[in-house]
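Notes follow once the structure below has been shown.
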Amino acid sequence: MSRSTGSIVTTTTLGESVHAFVPNPLPPTAPPVAPESYAADNRAAELALARLNGVSGLVPSEDWLLYAAVRKEALLTSQIEGTQATLDDLFENEAGIEVDNADDVEEVTNYLRAFRFVRENLQADDGLPISARLICEAHRLLLDGVRGAGKQPGELRRSQNWIGGTRPGNAVFVPPPPERVPELLADLERFVHREHGELPPLVKVALVHAQFETIHPFLDGNGRMGRLLISALLEHWSLMQAPLLYISGHLKRHQAEYYRLLSSTRTEGDWEAWIAFFLEAVAAAAAQAERTIVDLATLITNDRRRLLESPKAGAVAYRLFESLPMMPRFTVEQVKQRLATTYPTANAAVKALADLGIVREMTGQRKNRSFGYQSYIDLLSA
């Protein structure tokens, strides 16, 4: 479909004259995106999200579902950008256990901080709304003390960036010149807050993500911020009761197609193909999250039953077990502090779970031991 997507402007950066792309404001026009092009996919995605919202009731606490889902999304969105951290690494780090790739883990941890900041603001009566200011403050947390920390964390870029290629002249894509970024983000902010009765919320999320990636307002961290916006908007627009969706898993598995279709919105104005891909990603990710919740609920129910049937397990062992979904890697000292008990009592509780095969010792050492609810971590990592 042929439509005007934006304008090409000539700018100079690093001594080279390059053609930068300035997108038109949303929504796409001339012609607009036809509802029949996304209606069926949108219904399927909304149904998948409704099923995911419903299945969360299978577990006694949504908190541990949220703990796991947000960390998985943080990990996967960071892996798209090249980090090598795993869920085991992240859980070990949270347990105070030293990990080899500490820098990668810190990037994932920063994403968690940035996402928590955005979520708390959107939930608070006096918090910041979806806005350039909120995005900049979250970006500051995202790049704090990690790779990219020297690239103006929390500040809109003041120089030209580019995507792909070794220099601006052979780049795959050159985003808008820096002086155009504030007005483009203001346009995007107005689109987010404008009523669009004819556009379903999921379609709006797809448009917002693509437009943010095209504007590329920061020198680093744009992809993670753009995907953070997806999670924030899904909950903010009541598509999710809580951020239980880790869409970055699907985007990572189809990374080449993800980037190609984002590009096609600029080069060909093919918003329909991008929206279809995004809606399919939501439906697939929701179905995957639903299966994972069912599997986790089954695992925990079966392990709880084994624990309750054990004559050797006492009250502290039960309390430890109920803490495992939000403490899947731990030391005895950590159990002592979490359960406010003595070291011998904590050690006995850990031993009771280890004897049943629910947790296992991970180091093979007699000192500085750590333990893991590994079957739980393995299900999450699948």
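A few comments on the model shown:
- Of the residues making up region 38-50, none is in contact with a Phe, Trp or Tyr (Cβ under 7 Å, 6 or more places away or on another chain), assigned by TED's automatic domain parsing to the domain that holds Leu279 and in a helix (DSSP H, G or I).
- Any chance Glu189 is in the same structural domain as Val108 (by TED's automatic domain parsing) and either polar (S, T, N, Q) or outside any loop (DSSP other than H, G, I, E, B) (or both): yes
- Only a single criterion out of (1) of a type in the set (D, E, K, R); (2) buried (at least 17 other Cβ atoms within 10 Å of the Cβ); (3) more than 19 Å from Asn24 (Cα to Cα) is not satisfied by Glu189, namely (3).
- Scanning region 249-265 for residues that are touching a residue at least 24 places away in the same chain (Cβ under 8 Å) and either crowded, with 18+ Cβ neighbours inside 10 Å or outside the structural domain of Gln84 (by TED's automatic domain parsing) (or both) gives Gly249, His250, Leu251, Leu262, Ser263, Thr265.
- Only listed residue being at pLDDT below 95, closer than 21 Å to Arg224 by Cα and surrounded by fewer than 18 Cβ atoms within 10 Å (Cβ to Cβ), chosen from Gly15, Gly54, Gly82: Gly82
- Scanning region 334-357 for residues that are of a type in the set (Ser, Thr, Tyr), free of Cβ contacts under 8 Å to residues at least 12 places away in the same chain, farther than 30 Å from Gly54 by Cβ and not in a loop (DSSP other than H, G, I, E, B) turns up at least one hit.
- Residue list for region 127-181, filter: within 24 Å of Val9 (Cα to Cα), of a type in the set (Val, Ile, Thr) and not in a loop (DSSP other than H, G, I, E, B): Ile163, Val181
The values are calculated or read from the model by the stated rules, or taken from the named source; none is laboratory data. Everything numeric here is computed off the predicted structure, so don't read it as measured data. So basically every Cβ, Gly included, is an ideal-geometry build from the backbone, and we count neighbours across all protein chains shown.
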